[in-house]
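In what follows, a structure is listed as structure tokens, so that the remarks can point back to it.
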Amino acid sequence: MKDKYYITTAIAYTSGKPHIGNTYEAILADSIARFKRYQGFDVFFQTGTDEHGQKIEEKASKAGVSPKAFVDSVASEIKRIWDLVGVSYDKFIRTTDEYHEKQVQKIFNKLYEKGDIYKGAYEGWYCTPCESFWTESQLVDGKCPDCGRPVVKSQEEAYFFKMSKYADRLMEYYNNHPEFILPVSRKNEMVNNFLKPGLQDLCVSRSTFKWGIPVDFDPKHVVYVWLDALTNYITGIGYDADGKHQESYNKLWPADVHVIGKDIIRFHTIYWPIFLMALDIPLPEKVYGHGWLLQDGGKMSKSKGNVMYADDLVEFFGKDAVRYYVLTAMPQDNDGLISWESIIDGINSDLANVFGNLVSRTIAMSNKYFDGVVKNGNVFEPVDDDLKAVVTSAVKKVTAKMDEFKISDALFEIFTVFRRANKYIDETMPWALAKDESKKDRLATVLYNLVESIVVGTSLLSPYLPDTCDKVAKMLNVQLREFNKLNEFGLIDEISVTKTPEILFARLDSAKVMEQVNAMIESRKEKEEKKTEKVEEKVEKPLIDIEEFDKVQLKVAKVVACEKVEKSKKLLKLTVKLGEEERTVVSGIALHYAPEYLVGKKVVMVTNLRPAKLCGIMSEGMIVCAEDENGNISFLTPEKADMPDGSPIF
Ligand code: MSP
């Protein structure tokens, strides 16, 4: 029977659309899951969403919907994105699933009855976005040590879990299982920062918000989100606190690996193992904490419109290119930097030049020289040995890297096969062999070796770039090779390649793509600005004194010329007359008024606003407009048409 392999991702918060960083984790775990399946393991891959907590309650209320409606919509968006990037999960758990909620309540009761959970009062510093309480000494510059945001002093009646009771057992477990936390460097962090200073008891219930699983014997409390969230790993596979587990739980637990980000290692390697010890459940084999994908050249922020989302990336570059890029962008012990430009470079260099080019050249030459039918000509030369050695040793190297979760290194090893094969083309020069009829068999051997190399490399690549590899197999008319035969060379008898090959990865024109990307970012930014403006407008401004109003100088101005500002969809350049004086004003009304319509009109203008450059033009005032709920604009004009321009308004 095949060995089982149970792999999980962290469950993503349903507080908003996941960015490429969260999506990276799902792609990473997916590649491991697919690789393990390919190796022959009976894989179960679970992912899902973490849907309770104060932050979500607040977001829902801001959006004017119920928390459940809010999480339903975000959870389906997360699922859509996971599907879009090809995450081959077997189970998508939501912490609002009924079976999960029921088990969390039972687990809470069980731990309470056991005496590991007790009622107390909590006073501490609370970080709302992270949903974490911190002690004074844990704060960094008075702020949350995880996210750096401000914390608030909070006190409330709460239930606590006796963490300290299990601290020695946990330390012993660490010592006996040196590879429990990977990369190993992360273990030292846990020991030095949390275990050695002494574990604080953990708050496991809250009563200041409602959106959570109620403690069933004290329902004004809801289960504090980490006890709720972490237990997904067992409830999702059929754990039952009364011991009536489903068969799948008995088969799958303990998990083989929890794949998580570096910020939540503490929760997974201290609290989670301790909860499991308290429940008398074995601990997971490994917890792998990956680094973070960070945006090169500045923080991702919604207001800048530059947050990178997987669906945009897929639309621009295709699913497999995105998977390849994020997997290679992340070194193991560090954070990875991403940018649109480097994606384009990566696609052009590795995917188009190395991989795509190798496949297309090989297919083209097979068609040109052998009418698409490739068979070994059995004429060998020493240069073949080196190619074969690189190809047949790849599987061992890739497996070793995967065993340590060094995904980008594994991909590098696979691309070594493709690079070696490209070099082999340069060395053997098939076009020269083709000129000499007596070298026909040697030419056949060269092409045969290339096809074999592609088959092995592509098979190895299939867990990471599944669709592309299937395409290559179709174009070559072969099955991808079984895992345990990847160290063999020469298994193909004869193959007929396609006559109409597809381009796997087209070379991208960086400048052109970046133009489109920037236009998208710009329009997102405008949308966000509009949203913020709307929110600001809704807020009534505070009362002011007449002196404050008096500081603003308003005058009647007559538009004498008007034109569009080049490179801007929104801006118009107006020349206005204020009596004797003429001024230039740049105004964001181009979407509402044609320039010729404005010429001759009288408008109301703020004349003492400090001049500012807009799109390189100095604007010396502001035209006053009214705006309705739908964003329709109307400029203001004096009721008497003969009111002279330059007249003051007060
Ligand atoms: N809900 C918790 C996890 C509970 S697990 C029982 C949570 N959710 S999250 O949505 O904030 O993050 C989900 C995962 O994405 C975490 O593992 C987190 O580390 C990871 N990432 C968040 N931002 C990331 C990057 N920028 N880059 C890589 N991973 C990122 O934490």
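The values are calculated or read from the model by the stated rules, or taken from the named source; none is laboratory data. All of these numbers come straight from a predicted model, not from anything done at the bench. Here the Cβ positions follow ideal geometry from the backbone for every residue, glycine too, while neighbour counts run over all protein chains shown. Just the protein is used for accessible areas: all its heavy atoms, side chains included, with ligands, DNA and RNA removed. Shrake-Rupley method; radii C 1.70, N 1.55, O 1.52, S 1.80 Å.
Taken over the range 452-499, the criterion of being over 23 Å from residue 29 (Cβ atoms) and among the polar types (S, T, N, Q) is satisfied by 453, 477, 479, 484, 487, 496, 498. Any residue at all in the range 256-278 that is part of a loop (DSSP other than H, G, I, E, B), away from the ligand (no atom under 13 Å from the Cβ) and open to solvent by 20 Å² or more (accessible area, probe 1.4 Å)? Yes, some residue in the range 256-278 is part of a loop (DSSP other than H, G, I, E, B), away from the ligand (no atom under 13 Å from the Cβ) and open to solvent by 20 Å² or more (accessible area, probe 1.4 Å). Restricting attention to the range 9-32 and to residues that are touching a residue at least 60 places away in the same chain (Cβ under 8 Å), more than 8 Å from the ligand (Cβ to nearest atom) and among the small types (Gly, Ala, Ser), the residue that is farthest from residue 408 (Cα to Cα) turns out to be 26.
Quick one: in the range 194-233, which of the residues that are part of a loop (DSSP other than H, G, I, E, B) and of a type in the set (Phe, Trp, Tyr) is farthest from residue 55 (Cα to Cα)? If we take residues in the range 194-233 being part of a loop (DSSP other than H, G, I, E, B) and of a type in the set (Phe, Trp, Tyr), then 217 is farthest from residue 55 (Cα to Cα). Looking across the range 469-493, the residues that are within 30 Å of residue 314 (Cα to Cα), touching a residue at least 60 places away in the same chain (Cβ under 8 Å) and open to solvent by 10 Å² or more (accessible area, probe 1.4 Å) come down to 475, 483. Comparison of 379, 391 shows that the only residue that is in a loop (DSSP other than H, G, I, E, B), at pLDDT 95 or above and closer than 28 Å to residue 496 by Cβ is 379.
Within the range 472-483, one or more residues are in a helix (DSSP H, G or I) and of a type in the set (D, E, K, R). Residue 613 satisfies every condition listed in (1) over 19 Å from residue 600 (Cα atoms); (2) in a loop (DSSP other than H, G, I, E, B); (3) of a type in the set (D, E, K, R) except (2). Where helices (runs of 4 or more DSSP H) fall entirely within the range 500-607, those with at least 3 residues that are β-branched (Val, Ile, Thr) are at 510-538.
Looking for something more than 25 Å from residue 262 (Cβ to Cβ), away from the ligand (no atom under 12 Å from the Cβ) and assigned to a loop (DSSP other than H, G, I, E, B) - is there at least one such residue anywhere in the range 73-85? There is no residue in the range 73-85 that is more than 25 Å from residue 262 (Cβ to Cβ), away from the ligand (no atom under 12 Å from the Cβ) and assigned to a loop (DSSP other than H, G, I, E, B).
Exactly one residue out of 613, 569 is at pLDDT below 90, touching a strand residue (DSSP E or B) at 6+ places or on another chain (Cβ under 8 Å) and either over 24 Å from residue 525 (Cα atoms) or open to solvent by 80 Å² or more (accessible area, probe 1.4 Å) (or both), and it is 613.
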